[in-house]
Each structure stands twice: as C-alpha cells, then as structure tokens.
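As structure tokens, the structure follows; a few thoughts come after it.
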Amino acid sequence: MSTSEAIAYAVKQANVDVIAAYPITPQTIIVERLSEYVHNGELDAEYIAVESEHSAMSACVAASLTGARVFTSTASQGLALMHEVLYLASSLRCPIVMAIANRALSAPINIHCDHSDMMGSRDAGWVQIFAENGQQAYDRIFQAFKLAEDEDILLPVGVNIDGFFLSHAVEGIATISDSEAATFLPPRKAKYYLDYSMPMTFGAFALPDWYFEIKHQVVEAMDRVPKKLAEIEETYYKMTGRKYDHVGVYKTEDAEVCLVCAGSSAATAKFAITRLREKGIKAGLLSIRLFRPFPVESILLHVKDVKALIVMDRAMSPGAPSAPIAQDIKATLYDAGLNIPVANFVYGLGGRDISAAEFESIIMKIVESLKAGRPIEKGVMYWGLRA
Amino acid sequence: MLVGEIKTIKELYGLDLIAPGHRACAGCGALIAVRQILMASKRPLIVVSATSCLEVTSTPYPQTMWKTPWVHLLFENAATAASGIEAALKVLSRKYNRQEHYIIAFGGDGGTFDIGIQALSGALERGHRFIYVCYDNEAYMNTGIQRSGATPLGAATTTSPVGTKIVGKTQQKKDLMEIVVAHRIPYAATASPSHWKDLVNKVRKAQSYDGPSFIHVIAPCTRGWYFDTSETIKVARLAVETRYWPLYEVENGRYRITHPVPNPKPLEEFLKVQRRLSHLLLPENAEILESLKAYVNERWERLQKLSACFA
C-alpha cells in the first residue's frame, strides 16, 4: 500500500476518536481513507469535515481537551494556516498526532516536496519525527500516540512524510494485528479534561508573572522525549522486531565524511554511500528521524571522529548563516567542543529530485576538498540551482 | 409556547456557574448577558469563549471565574472549538459512556462578525449541537474600541473617529442574523439583557434543538459607548424600545418578533445617551442620522413582514 494508506490504516488500528481534517495535496489520500473507514463503520470515530486547516487544528485541540484520541493530517499551506493553533496544541498539552506530507510553500504555488512547511513551525512545541519510508511512517503512528499520550510528555507529535516521494510511494508494509495494536495502545486515559464533574479552566489568560513558567513546561516535557521514545521503541521492537532510534545510522563507524539528511533522501543517500564504499570512500550517513527534540546525544555518538559533515537541508532560511538542520548540527558540535567543518547544502526545493549520483558528487566534492587540504566552504550552498 | 417556559426569576438557576470577583468593568453589558444565559442554561454545561473581554476578565491565571468547565483557544475559533468538543463527547459517550454535555460558545462581535465568521459558518453548516452566543458591543472593545463589522453607521471608534472630514464609521452594520439564518439552522434569535425573560427562554428554546443555534445579544459597553456604569440596562432597553435592537427569533425558518414595539421611541433617545453616537444629533450630521434611521426602519419593516408571513 502507499504510505498515505499505511498511515490511515495505522490510525484506524490506533482506534482514534476524532479526526478533524481538511484536504490538501499531497496528504489528501490519508483523510480520504479515514473517511471511508468511518463511513463504512470500520472505525468508530467522529470525522469533522472542517472548513479550513485552521479549524482542523482548532477542532483537534478542543476534542483532545475533551479527552479524545485525535488525529489530523496536513501539508504546506495547510500547516501554515494552522500555525497559531499549533502553539495551543503544545501549550495546552494536547496529545494530537498529525501526519505532515511535507510540501513546498507558496509562492510560486507548488505541490511537491520540501521541508519548508514543517520548518516554519519547528518552534511550535511539537515533537517532530521524519519517516524515511512507508514502513517507518506506519510504525511511527502507533509510537507517536503512545509518546504523545504519556503523562510525562503530553505533547503533540508530527509524523513527517515527504510529499509524493513517500505519500504516494507504494511498498509492502508489515502491519501489526488489531489486537497487537490494542495491547500496545489501549484507549486514551486523560487525567484532565473538559467535564462538568470536575470543572476546569483551559486556556486562561496569563500575564508576565506566570506566562514564562507555563511555556517552560513544554521545554521540560520535550526534554523527557528522547528517553521515553526509546522506551516505547523498545516495547514496539519486542512486538515487531522493528526499531528506528532517534537517528538512522549507516556506515559511520570509520567514516571520514558523514552526510546528514532527513526524510526519503536517506534511502537515496544510503545507496550513494554504498557505491562510494565500494570505491573505498569512507562515507557514512546520519538520518535525522527525530527532529524535535533534536537528538543531540545520538548524533554526538557518531560524529566525533569525522573530518567533515555534510548537512543536506530541504528547506531554506533566507538570511540565516545556515539552513535549519545545519543550524542545529552546528550548535550540537559547538556545545560539544567539536570543531568539525560543516558543508551545508540546500537541495530539492519544490520537489526537485536528487539522485544517488548527485549524492555521490556532493560527497566526493567534500572528500576531494579534504584530500587537497582546501577549507570547506562556509555558509549555505544551493545544490542543483541553475545559474 | 415553549414547554417549561420560565415565567419567574425563581425558576432560574442561581449564580452557581460563575464566581464573583471577575475583572470586567462595572456595568459591563457582556457579563450581565453571560450571567443571565448561564442562569438559564441546562446542565451539564461546557463553556467556550473566544478571545474577548469575557475571556480576559474572567481568567487571569491562576484565578478563574468559571465554576463550569471552560475553554478558550483563540480569537476566531470558538465555534470550531465547540465543534471539536461536541464531536468528542458524541464518540466518547458512544465508545466509553462519557456523559453528554450542553455546549455554549461565547464570542464578541469582532470574533463573530469578522475574524470568526468562517469558523462560525463551518460549525453551523456541519450541524453540531451547541449554542453560539455573539455578545455584541459593536466594536473591538478588548483592544480599545476599534470599529468592527457590527459597528453602526456614524459611530465613533478609535479607528472610525469623528474627524473634520469623515464622521465616524461610514458603513452600516452587517446583518449577521441573516447570514446565520441562511445556514437553515433550527434556531436563531436576538436578545437583550434588559429583557431577561425573553433572553432566558430563548436559551432554553435553543437548547431544546438537536443542532446548532445562535443567540445574538446586545451588550452595551460603558467604556466604548460612553455612558455611566449604572445605565447599562437602561441603554439596552432603549435599543429595544427604539427598534434599534429588534427582539426576534427564527425557528426552523419561521420569523417571529418576540417583543413587538408598537410605539417606538425616537431613535434619538438611544443615540443621545451615548457619546459614540450622540454627535449624530448635530445638524451637520443630519444626513448620517437619516441613513441610520432608514436602516433601522427598513430592518424592522422587513422583520414585520417576515413575521406576518409565518404568523
């Protein structure tokens, strides 16, 4: 099945209570399948066909505060339209799970993949996970609910899939049974919710005397995510034999150059690295699977001995010294006292394809610079941009 | 006739859903209207507020006025929040025996006429069971009296001041009720806290329907309309008695004026007691006054004809 269908199937198995969504390419298939499940009686849930993404997330937050298990899905402009509501989801501690079929932002209007949409809301207090393929996306949905609804976390979780490259890609998906799903993910047991039997105020007005502390609680919860996700993954691993960790690692043990990327490009890069290894080039790969919180410790385990890092960003940050992932990588290295050169490439905006051969070229460019003793170019390079 | 019509004040609930000590201005029309609505509302109840004076004055963290479950999300999404709660309770009661609740969403005129109209329209179209109450003080009062789609023609606000060239707001008030009625919801009504019996029975009637309902209540604002804090109810009553604020309902498409005003007071009586509008009585503003009067009269006549159709 396609990644979108796999996600919808996982959401059904997760026995969600409320789905509030608005169609947008390339995520539409997810909500179409969910609509079918609800209309055919295969999933006992309320599907709120809202009139905008702003309302999709608003309805999700309200339903979540009522104690329901809630899912939505969006992309691009839809995520941008949700922007102000995303902060409520995290600050009001709503364990919503959202699939994001990453897509470029207008203008020019473009329906294809890049990560600009999610990067635009990266500071909204959401846990953000990148899937590299349909299998990961399917498995992460269960883990996302488990993580989000944990009393120590209570944060919304985004599961990112590259628009079209993943959303529409068809592959064989190993599924879990409904009973395994129900055991792994029993019905949500909210502790605080809207109910007349215990009247509570949600969304109060906080002034400078309290606002800071309330907001900081999101940071505290975020800090607890890496450990909690690892525990959840362990349980899931025992059930399925599948485990993804916070970063995907490929041939980093003896790597001199390590490439860092996120999403479906990881598979392409892996293929390129395999070929380079055959030629004796010591290249490795780190795939950012957990983006927020940024997996600082996991990354540091693998980069200490490399001579250079290549960070591939599928989003730009105009005017910034680095694109988003490179900013985090550089901060990670700096805090660890590592002065490793970082080559930062922005690539593939608006769905422009990147091939394994191109990844080879990128890696070779840096390898040759190192060999020749040339300094690694600073700032941001734009791969494949026509002059 | 409504089954269980409230005839005396003793038939209302007490003030058990809100605590004293909120931070609204003395004489706040919105809070009076909200209080009356809550005293009428059936329970169990969940209240939603849009960002508004109501939200700001009732929940200064860590305090809250609300003794009923209450939620505020944003300025423009109170109707959507109500949708989410309603849908959640529906499925949770089905799957896990959660108790169903009545839901009332409150929004000001800014949050309803303007920034929130899309969310309101969506929620009404989808048919969620809840009451949306627009408490209308005819301007963005929470941000300091800026004009809204609800501000009447000629009114002075901080973004439609009485200047030497342009006098107050240059557009008529948006007819929100007609927009709401166009959604063919079971019940929509206007109300005024000056006519509490009319108001509370409209709340009860709204809650008798398994679908969305809408109550548009006038909420005189002492700060934005400029009248003495002791005059709120008097000003609201003048709005009704001059036919400026017709009290009517549209029940399953049938219009009915619930409080006929056979001998209306001149509109000037309503205008002269509030500084935002009293300049319309100056000779140089006669044209604006006439235009406002025409708006008020045409609306009343239209409502009368519509009521007669369904009588």
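Read the figures in this text as sums done on the coordinates, not as results from a lab. All values reported here derive from a predicted model rather than from experimental measurement. As a convention, Cβ positions derive from the backbone with ideal geometry for all residues, glycine included, and neighbour counts pool all protein chains shown.
Numerical summary
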{"item": "Within straight-line cross-link reach of residue A:238, aspartates and glutamates at Cα separation under 12 Å, skipping those fewer than 8 residues along the same chain", "result": "A:180"}
{"item": "Net charge dipole size for the stretch B:46-134 [Lys, Arg +1 and Asp, Glu -1 on Cβ; Debye, nearest 20]", "result": "560"}
{"item": "GNM result for chain B, Cα springs below 10 Å: residue of B:151, B:190, B:159 fluctuating most strongly", "result": "B:159"}
{"item": "Cα centroid separation - the stretch B:199-253 against the stretch A:328-354, whole Å", "result": "60"}
{"item": "Point-to-point label distance, residue A:374-residue B:261, nm (Cα→Cβ direction, 7 Å offset)", "result": "8.2"}
{"item": "Helix-derived mean residue ellipticity, 222 nm - over the protein assembly as shown, DSSP H n ≥ 4, -39500 (n - 2.57), to 500", "result": "-12000 deg cm²/dmol"}
{"item": "Residue (of B:157, B:144, B:183) at the positive-pole extreme of the stretch B:84-208, dipole from beta-carbon charges", "result": "B:183"}
{"item": "Overall Cα dimensions of the stretch B:198-311 - principal axes, largest extent first, Å", "result": "49, 31, 23"}
{"item": "Near-label residues of the stretch B:26-54 by backbone N, under 15 Å of a point 7 Å along Cα→Cβ of residue A:196", "result": "B:38-48"}
{"item": "Listed pairs A:12/B:42; B:67/B:173; A:12/B:202; B:10/B:67 exceeding 30 Å between Cα atoms", "result": "A:12/B:42; B:67/B:173; A:12/B:202"}
{"item": "Mean Cβ count within 10 Å, highest first, over the residues of peptides B:86-97, A:121-132", "result": "A:121-132, B:86-97"}
{"item": "About the Cα centre, charge dipole magnitude for the stretch B:9-310 (Lys/Arg +1, Asp/Glu -1 at Cβ), debye", "result": "680"}
{"item": "Proximal lysines to residue A:371, defined as alpha-carbon separation beneath 25 angstrom and excluding residues fewer than eight positions away on the same chain", "result": "A:251, A:270, A:279, A:282, A:304, A:307, A:330"}
{"item": "Charge context of residue A:289, other residues only, Cβ under 12 angstrom, K/R +1, D/E -1", "result": "-1"}
{"item": "Cα-based Rg of chain B normalised by 2.2 N^0.38 Å, two decimals", "result": "0.97"}
{"item": "Distance between modelled label sites at residue B:93 and residue A:245, nm, 7 Å Cα→Cβ extension", "result": "5.0"}
{"item": "Label-to-label distance, nm, for residues given as residue B:281 and residue A:335 (7 Å Cα→Cβ offset)", "result": "6.7"}
{"item": "Length added when fully stretched, residue B:252-residue B:16, from 0.36 nm per residue minus Cα-Cα", "result": "81.8 nm"}
{"item": "Lys, Arg +1 and Asp, Glu -1 on Cβ, resulting dipole of the stretch A:1-59 about Cα centre, debye, nearest 20", "result": "140"}
{"item": "Least to most buried among B:214, B:310 (fewest other Cβ within 10 Å first)", "result": "B:310, B:214"}
{"item": "Relative contact order of the stretch A:71-220, pairs being alpha-carbon contacts under 8 Å that are 6 or more residues apart, as %", "result": "26"}
{"item": "Gained length - residue A:215 relative to residue A:279, 0.36 nm times residue gap less alpha-carbon distance", "result": "18.0 nm"}
{"item": "A:207, B:277 arranged by Cβ crowding within 10 Å, fewest neighbours leading", "result": "A:207, B:277"}
{"item": "Chain A: relative contact order as a whole-number percent, Cα under 8 Å and 6+ apart", "result": "15"}
{"item": "Selected from A:309, A:357, A:267, residue furthest toward positive end of dipole (the stretch A:248-382; charges at beta carbon)", "result": "A:357"}
{"item": "The stretch A:122-184-the stretch B:82-98 distance, computed between alpha-carbon centres (Å)", "result": "24"}
{"item": "Candidates B:19, B:40, B:30: whichever shows maximal mean-square fluctuation once chain B is modelled as a Gaussian network with Cα springs under 10 Å", "result": "B:19"}
{"item": "Cα pair count fraction exceeding 27 Å, expressed as % - the stretch A:3-240", "result": "29"}
{"item": "Average beta-carbon neighbours from other chains, 10 Å sphere, peptide B:109-121", "result": "1"}
{"item": "Signed unit charges on C-beta, dipole axis of the stretch A:3-240, positive-most listed residue A:190, A:236, A:106", "result": "A:190"}
{"item": "Percentage relative contact order, the stretch B:175-311, counting C-alpha pairs under 8 Å, at least six apart", "result": "23"}
{"item": "Highest-fluctuation residue, B:59, B:157, B:51 considered, GNM on chain B with Cα pairs under 10 Å", "result": "B:59"}
{"item": "Ranking of A:209, A:162, A:139, B:198 by count of other Cβ atoms within 10 Å, fewest first", "result": "A:209, B:198, A:139, A:162"}
{"item": "Alpha-carbon spread of the protein assembly as shown, three principal axes, descending order, Å", "result": "98, 61, 46"}
